[in-house]
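Shown next, in structure tokens, is the structure this report addresses.
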Amino acid sequence: MLKYYNELIYFAQKQVGDKEKAKDIIQETYSKVLEIREKFEINNERAYLYKIAKNIVINQALENQKLQTTIYEENIHLSPISEQPEEILIQEDQEKIFMQIINDLPQRAKEAFILYTIDGYSRKEIAQILGVSSNAVEKLIKRATIKVEEEIEKRGF
């Protein structure tokens, strides 16, 4: 996560026009992300960091200007977050990368991984389908999972 620190500082500084304020914003951003990361898995840390930083900038701008706002019923006027274009693109990119990672797995590991994680078969059922022992299925799934996690970490999402 720290590899994005300098670019986040630059992003925040462009938004607020002050490097010290930008550093405070990014410090708060990392703090919030670390709290959230303890409770939930974050797939794309970079995008999430930018989103949190942007929200903090907006919140500070609203507080500093003490804008009087009227109640705005967002649910009526805006589409859900999951349907917003930037979220759709991020999700599509992540799905493509995930499928690429799975396709790069050795054939048996790929079959076991897909049957278990995507199709929902039990280890015992997979053993019958592949004609191997349950222990072999366990090892295939474990190796595939480790490889997928390593690749996801390497690609930064």
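Observations
- Legend: ranking of residues F113, F40 from fewest to most surrounding C-beta atoms inside 10 Å; resulting order F40, F113.
- Less than 5 angstrom separates the built amide H of N44 from none of the residues sequence-distant by 5 or more or on a different chain.
- 3J(HN,Hα) couplings calculated from phi for region 101-118 with the Karplus curve 6.51 cos²θ - 1.76 cosθ + 1.60 (θ = phi - 60°) are, in sequence order, 4, 5, 5, 7, 6, x, 3, 5, 5, 4, 4, 5, 4, 5, 4, 7, 7, 9 Hz; Gly and Pro show x.
- Whole-number percent relative contact order across region 2-69, with pairs defined as alpha carbons under 8 Å at least 6 apart: 34 percent
- Applying a threshold of 24 Å to the alpha-carbon distances of K3/K23; K21/K154; K124/K147; K3/K54 flags K21/K154 as lying beyond it.
- The overall shape of region 2-69, judged from the alpha-carbon gyration tensor, is oblate: a/c is not under 1.5, and a/b is no greater than b/c.
- Taken over region 80-155, the ratio of Cα radius of gyration to 2.2 N^0.38 Å equals 1.29.
- Separation of region 93-130 and region 1-60, taken as the distance between their Cα centroids, equals 35 angstrom.
- Legend: ranking of residues K147, K142 from fewest to most surrounding C-beta atoms inside 10 Å; resulting order K142, K147.
- Footprinting exposure proxy ranking of V137, V57, V132, fewest other C-beta atoms within 10 angstrom first, gives V132, V57, V137.
Read-outs throughout are calculated quantities, based only on the coordinates presented, and are distinct from any laboratory measurement. The shown structure was predicted, so the numbers you read here are calculated from the model rather than taken from an experiment. FYI the Cβ positions are ideal-geometry reconstructions off the backbone, even for glycines, and counts take in every protein chain you see.
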